């Protein structure tokens, strides 16, 4: 078997495996993974640690919060209540931390440029 044939066979095998994975994938599984990822990115964009300070982007953190607020209710009838509670708690934690970071940046004497961001809506929904 030539190298090209081996590569083609490998590509075909990967395509079949991917197609099988998509066949088994449920939308709620994708939404759960999306919420976990969005939450992680939201925390990172808050720039709370030395490692993430340069990644601070309050507009992106706010988008993460609003995305989680929008998607979590969609899953309420599909996943365990404990998971919904965890996502709602994550939203609340992100909102509180966002408010704290935004107020620090808006404090007098601080030369931050992101003071235009508003606090995201509270947990009412």
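Read the figures in this text as sums done on the coordinates, not as results from a lab. Worth saying up front: this structure is predicted, and the values here are computed from it rather than measured. A quick note on method: Cβ atoms are made from the backbone with ideal geometry, for glycine too, and the neighbour counts reach across all protein chains shown.
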remark   = Distribution output for region 1-68: share of Cα-Cα pairs per 5 Å bin in percent, first bin at 0, values 3, 16, 14, 12, 9, 9, 10, 12, 8, 5, 1
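Summing -39500 (n - 2.57) over the DSSP H runs of n ≥ 4 in the chain and dividing by its residue number, what mean residue ellipticity at 222 nm do you reach, to the nearest 500 deg cm²/dmol? Mind showing how you got there, number by number?
Values: 4 runs with 85 residues, N = 125.
Result for the chain: -23500 deg cm²/dmol, rounded to the nearest 500.
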query = Can you give the angle from 0 to 90° between the axis of helix 58-75 and the longest principal axis of the chain, with both taken from C-alpha atoms, to the nearest 10?
reply = 60 degrees
inquiry  = What Kirkwood Rh does the chain have if only Cα atoms enter the pairwise 1/r average? Answer in Å.
reply    = 17.1 Å
inquiry  = Calculate the FRET efficiency for residue 24 and residue 51 from the Cβ-Cβ distance with a Förster distance of 30 Å, rounded to the nearest 0.05.
reply    = 0.25
query = Which length gain, in nm to one decimal place, applies between residue 97 and residue 84 when the Cα-Cα distance is subtracted from 0.36 nm times their residue separation?
reply = 2.7 nm
ask   = Going by how many other beta carbons lie within 10 Å of each one, how would you line up 22, 87, fewest first?
value = 22, 87
ask   = Mind checking the angle between helix 3-24 and the chain's longest principal axis? C-alpha axes, 0 to 90 degrees, to the nearest 10.
value = 60 degrees
ask   = Say we join alpha carbon atoms closer than 10 Å with springs in a Gaussian network model of the chain; which of 31, 94, 78 then has the biggest fluctuation?
value = 78
note = Length gained if residue 60 through residue 13 is fully extended, taking 0.36 nm per residue and subtracting the Cα-Cα distance, is 13.1 nm
query = Helix 81-106: angle to the longest alpha-carbon principal axis of the chain, degrees 0 to 90, nearest 10?
reply = 50 degrees
key: Among 62, 53, 16: highest mean-square fluctuation, GNM of the chain, C-alpha pairs under 10 Å   = 16
